[in-house]
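Take a look at the structure set out below.
The values are calculated or read from the model by the stated rules, or taken from the named source; none is laboratory data. A quick note: this is a predicted structure, and the numbers were derived from the prediction, not measured. As a convention, Cβ positions derive from the backbone with ideal geometry for all residues, glycine included, and neighbour counts pool all protein chains shown.
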2 protein chains.
Amino acid sequence: MDPAPHPLGPRALARQRTMARIVELGNTQLIEQGVAGLSVREIARGLGMVSSAIYRYVGSRDELLTLLIVDAFADLADSVDAAVSAAGTSEGGDPRARFLALGDAMCAWAIAHPERWTLLYGTPVRDYAAPADTTNADGTRVMQAVLHIAADAAEQGSIGRGAASGSEDLAPEVTSLLESHLAEFGVETAPATEFAALTAWSSLVGVISAHVFGQLGADAAAIGEHILRPQVRMLADLVAPR
Amino acid sequence: MDPAPHPLGPRALARQRTMARIVELGNTQLIEQGVAGLSVREIARGLGMVSSAIYRYVGSRDELLTLLIVDAFADLADSVDAAVSAAGTSEGGDPRARFLALGDAMCAWAIAHPERWTLLYGTPVRDYAAPADTTNADGTRVMQAVLHIAADAAEQGSIGRGAASGSEDLAPEVTSLLESHLAEFGVETAPATEFAALTAWSSLVGVISAHVFGQLGADAAAIGEHILRPQVRMLADLVAPR
DNA sequence: TCAAGTCAAGAGCACTGCTCTCGAAATGTG
DNA sequence: CACATTTCGAGAGCAGTGCTCTTGACTTGA
């Protein structure tokens, strides 16, 4: 980011440049061959070094995956944030419009980067998955954005018209977990509102994954965008009904 | 299934018994090691034969996966069907109650068989995924159940109160695809209703996957069932509001 | 009885992730 | 400046994978 805060020796600089090349090569490999075809050795070849040498940088295949995951999370969150703030100042603005912008941006990103989406929301890496400390920071940004939108919508009194089904009978352990999240994220709203946000977000991911993973059949995949748009509008009712 | 329709020589019988053992071994392997740890060679060892011999039966690893996928789809659909019909005759009965039964059964199955759920709704097998002809039969059963419920609910006039956001502006190509589905499944209802059913189903899958894949964090995973129950009730509003 | 088929075994190829050791180069320090 | 330390790439190698090909024993239907 900044060229001269700590001098940062040329050694460390070269290192972080190879690291950058690694995620770059990893991403192209991901795009071309899918997550299953991601090979540490192949990346080493791309870097022009022998297979064993790359373990100075990544340590294990799972670590490489984690690298690509945080990269993808950040990229996704960036485009979503951009779209949301374009749909109104992040504090003000119509909550529903902001949710639609968020959902549409998510769809667009997923369609543009299906393999990366798969990496994020497909089968998790067994017993590794998300070393929470590393991924959470960027991994929860979209969810937090949904939460803010839902909170604003609730404040404007648009929640509770019927979308709140189920949130009235939350178990106490759920409520307390939600409250701890709210405190952590610094959002002041009812647990039921966060619950709606959580559900809307999970549903959004599900609807998008159904498209990216081709679960609706080949015919549906061809017109995926036309299906996703109204689905996003439907899910908007969960947090910000008209 | 049946012991004496066509005589079915002892040769073919032995063959289909080994096939059964293969999916049995595959499932235990799946449960214990996850989909990534599924190995053709290991199954061969379990069968007491050398690694190359098993290729007389499966042909490729992807074929083995497909075998396990159709098995899991059938199992899931069976338990869902059982739960739904227990909640009222499949034709009559309160649609909302039936949807809740369906959703809860899906959650229960997923929690009981997380690795098999992952196989069904996690990362698809690249360029193989669902050889439609083989998987579709059982793969769409749950979706069809949701569709029937939604159709019944629509007939009783409970749809359209607000849950139908988005389904009013369906693109013509989407409408025609939905109509062809309806014809194929033999269900008579409005495309908008099927659209709601489709969205509810995808959302359900998303909400469950979020839990199974641990996307909500370790704390949430511990109390997953308490989270899923109200989420199912929330999604019920999409097809059968109270 | 005899040809046709089924099936398991064995050897082997190309590939993977990963570990170890070794020598060269860059690095910071007395 | 010289020296000890760390960093890094190369090479060899291990255990494992999916998959193919060939060979020989066995069962089967004509």
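Kindly indicate the residue of segment A:9-67 that is among the hydroxyl-bearing types (Ser, Thr, Tyr) and near DNA strand C (Cβ under 9 Å from one of its atoms) and also surrounded by the most Cβ atoms within 10 Å (Cβ to Cβ) among those meeting that condition. Applying the filter and picking the extreme gives A:Ser39. Touching an Asp or Glu at 6+ places or on another chain (Cβ under 9 Å) and assigned by TED's automatic domain parsing to the domain that holds A:Arg116: does that describe A:Ala82? Taking the combined requirement at face value, the residue does not satisfy it. Among the conditions (1) more than 16 Å from DNA strand D (Cβ to nearest atom); (2) more than 14 Å from chain B (Cβ to nearest Cβ); (3) surrounded by 20 or more Cβ atoms within 10 Å (Cβ to Cβ); (4) more than 14 Å from the chain's Cα centre (by Cα), the only one that A:Gly93 does not satisfy is (3).
Kindly indicate the residue of segment B:34-71 that is assigned to a loop (DSSP other than H, G, I, E, B) and within 11 Å of DNA strand D (Cβ to nearest atom) and also nearest to the other protein chains (Cβ to nearest Cβ) among those meeting that condition. My answer is B:Leu38.
The number of residues in segment A:197-216 that are more than 7 Å from chain B (Cβ to nearest Cβ) and of a type in the set (Gly, Ala, Ser) comes to 2. Number of residues in segment A:196-233 that are touching a residue at least 60 places away in the same chain (Cβ under 8 Å) and of a type in the set (Gly, Ala, Ser) equals 3.
For A:Ala151, the requirement of being under 22 Å from the mean Cα position of the chain (by Cα) and more than 9 Å from chain B (Cβ to nearest Cβ) is met. On the stretch given as segment B:177-195, residues that are part of a helix (DSSP H, G or I) and surrounded by 13 or more Cβ atoms within 10 Å (Cβ to Cβ) total 11.
The selection criterion, being among the hydrophobic types (A, V, I, L, M, F, W, C), part of a helix (DSSP H, G or I), touching a residue at least 24 places away in the same chain (Cβ under 8 Å) and within 7 Å of chain B (Cβ to nearest Cβ), holds for A:Ala236.
Scanning segment A:175-188 for any residue that is facing chain B (nearest Cβ under 7 Å) and free of Cβ contacts under 8 Å to residues at least 40 places away in the same chain turns up at least one such residue. For segment A:19-33, a residue qualifies if it is more than 13 Å from DNA strand D (Cβ to nearest atom) and more than 14 Å from every other protein chain (Cβ to nearest Cβ), and the qualifying residues are A:Ala20, A:Val23, A:Glu24, A:Leu25, A:Gly26, A:Asn27, A:Thr28.
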